[in-house]
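The numbers here are math on the coordinates, done by the rules we state, and not lab data. Just so it is clear, the structure is predicted and the values come from calculations on it, not from any experiment. No Cβ is skipped: glycine too gets one built from the backbone with ideal geometry, and neighbour counts run over all protein chains shown.
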């Protein structure tokens, strides 16, 4: 039923103007056309991210969106230069090296948008 359909990450924010600065400025996402004036849509790879206003913004305590990247350390460095702060978690089997969590060949880094939504980059 759904296995051949695309899915989109849907992220609640308090203010789309503030979110627009973060998602376009810090993350470098390009806006995609949308018919909804209160919804920001971004194409990212073969996926989409929908950003919308909600009074529940930032209440999710789990990762809302993850990007698979080739170079986590490079992305972390680039995002830090744009003012993005990274989260540090105590995760079994992972060692923190700077802002990057490492387990064997797997590398991951987590950060938050201005509303506290948790986002990550993983290789």
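Here are a few things to note about the model shown:
- Largest first, the three principal axis extents of the alpha carbons in the chain are 44, 37, 25 Å in whole numbers.
- Under the criterion of Cα pairs below 8 Å and six or more residues apart, the relative contact order for the chain equals 27 percent.
- Here is how the number arises for the chain: DSSP H runs of 4 or more residues each give -39500 (n - 2.57), the sum is divided by the residue count, and the result at 222 nm is -3000 deg cm²/dmol.
- Residue 90/residue 55 FRET efficiency (R0 35 Å; Cβ-Cβ; nearest 0.05): 0.70
- Ordering of 98-105, 86-93, 10-17 by packing is 10-17, 98-105, 86-93, highest average first (other Cβ atoms within 10 Å, averaged per residue).
- Length gained when the stretch residue 14-residue 48 is fully extended (0.36 nm per residue, less Cα-Cα span): 10.3 nm
- Inter-centroid distance (Cα atoms) of the range 25-75 relative to the range 94-119, Å: 17
- For the chain, the longest principal axis of the C-alpha atoms and the axis of helix 72-81 are separated by about 60°.
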